[in-house]
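Participant: Submitted below is the structure of interest, expressed as structure tokens.
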Amino acid sequence: MTIAAQPLAATRTRDPETLLNAVKPHVKYLPQNVADGGTIWEREIALLLRDNTMVRDMAERILGQAVAYTLATMEHKDVHLGVGKLVDIGVHQLILDTPVYFALCDVFNSGAYRHHAPFIERRRDGLCLSTADFLRSDGWKVDAELWAIDGTDCSPCDSKVPDSH
């Protein structure tokens, strides 16, 4: 009897900065600092720092988790996910920069616009913590501290709005 060694399954690790920058060719209307050689990641960090009181390290942490959450909602529409106030700052940044958000939708949501339709009332059932667990299982590096801050105070979206997160 011959026993063949099976290779270990590779653990998928997804890098938010790499994935965000990869949509650059799909951005139809390039903002000046992206067109001039800046990366999309750097643009979004600069916008977060412009509009929020935080240091760069925090902006990078928030944006990384926002990219993970946003892409997971596009790739796994059947999974109910939610985001807390802190990570939602980054989600809103992505959505507000519409040329970049449309490119994300083109690449990761089969070209369809992905709506952001939050409920008014926040859920207090730990959805943020289960979202962090799901992201981890989907190959994302999870910043547990950011998700735990809002762990029981989550802003889920209305699944009745077509293609929403």
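The values are calculated or read from the model by the stated rules, or taken from the named source; none is laboratory data. Since the structure is predicted, the reported quantities are computational estimates derived from the model, not experimental observations. Note that we place each Cβ from the backbone using ideal geometry, even for glycine, and neighbour counts take in every protein chain shown. Accessible surface areas use protein heavy atoms only, side chains included; no ligands, DNA or RNA. Shrake-Rupley method; radii C 1.70, N 1.55, O 1.52, S 1.80 Å.
Participant: If I ask for residues that are of a type in the set (S, T, N, Q) and modelled with pLDDT of 95 or more, which ones from segment 1-52 would you list?
Facilitator: Of everything in segment 1-52, those that are of a type in the set (S, T, N, Q) and modelled with pLDDT of 95 or more turn out to be THR18, ASN21, ASN52.
Participant: Take the residues in segment 97-123 that are free of Cβ contacts under 8 Å to residues at least 12 places away in the same chain and within 24 Å of THR53 (Cα to Cα), then tell me which one is least open to solvent (accessible area, probe 1.4 Å).
Facilitator: So the residue we want is TYR101.
Participant: Could you list all residues from segment 126-150 that are at pLDDT below 90, part of a loop (DSSP other than H, G, I, E, B) and touching a strand residue (DSSP E or B) at 6+ places or on another chain (Cβ under 7 Å)?
Facilitator: Matches in segment 126-150: ASP150 only.
Participant: Is at least one residue of segment 139-156 open to solvent by 70 Å² or more (accessible area, probe 1.4 Å) and closer than 22 Å to LYS28 by Cβ?
Facilitator: Taking every residue of segment 139-156 in turn, none turns out to be open to solvent by 70 Å² or more (accessible area, probe 1.4 Å) and closer than 22 Å to LYS28 by Cβ.
Participant: Checking the structure you have, find out if any residue of segment 91-100 is in contact with a strand residue (DSSP E or B) (Cβ under 8 Å, 6 or more places away or on another chain) and either assigned to a helix (DSSP H, G or I) or small (Gly, Ala, Ser) (or both).
Facilitator: yes
Participant: Which of the residues belonging to segment 111-125 are more than 16 Å from LEU19 (Cβ to Cβ) and either charged (D, E, K, R) or modelled with pLDDT of 85 or more (or both)? Full working, then the answer.
Facilitator: Of all residues in segment 111-125, those more than 16 Å from LEU19 (Cβ to Cβ) come to 111-113, 115-125.
Those that are more than 16 Å from LEU19 (Cβ to Cβ) and either charged (D, E, K, R) or modelled with pLDDT of 85 or more (or both): GLY111, ALA112, TYR113, HIS115, GLU121, ARG122, ARG123, ARG124, ASP125.
Participant: List the residue pairs whose Cβ atoms are under 8 Å apart, where the first residue sits in segment 134-145 and is farther than 13 Å from THR70 by Cβ, the second is of a type in the set (Ser, Thr, Tyr), and the two are 6 or more positions apart or on different chains.
Facilitator: GLY139/THR11; GLY139/THR13; LYS141/THR13
Participant: When you go through (1) part of a helix (DSSP H, G or I); (2) charged (D, E, K, R); (3) open to solvent by 40 Å² or more (accessible area, probe 1.4 Å) one by one for ASP78, which number turns out not to apply?
Facilitator: Of the numbered conditions (1) part of a helix (DSSP H, G or I); (2) charged (D, E, K, R); (3) open to solvent by 40 Å² or more (accessible area, probe 1.4 Å), the odd one out for ASP78 is (1).
Participant: Limited to segment 76-94, what total is found for residues that are without any contact (Cβ under 8 Å) to a residue 60 or more places away in the chain and farther than 18 Å from ASP150 by Cβ?
Facilitator: 2
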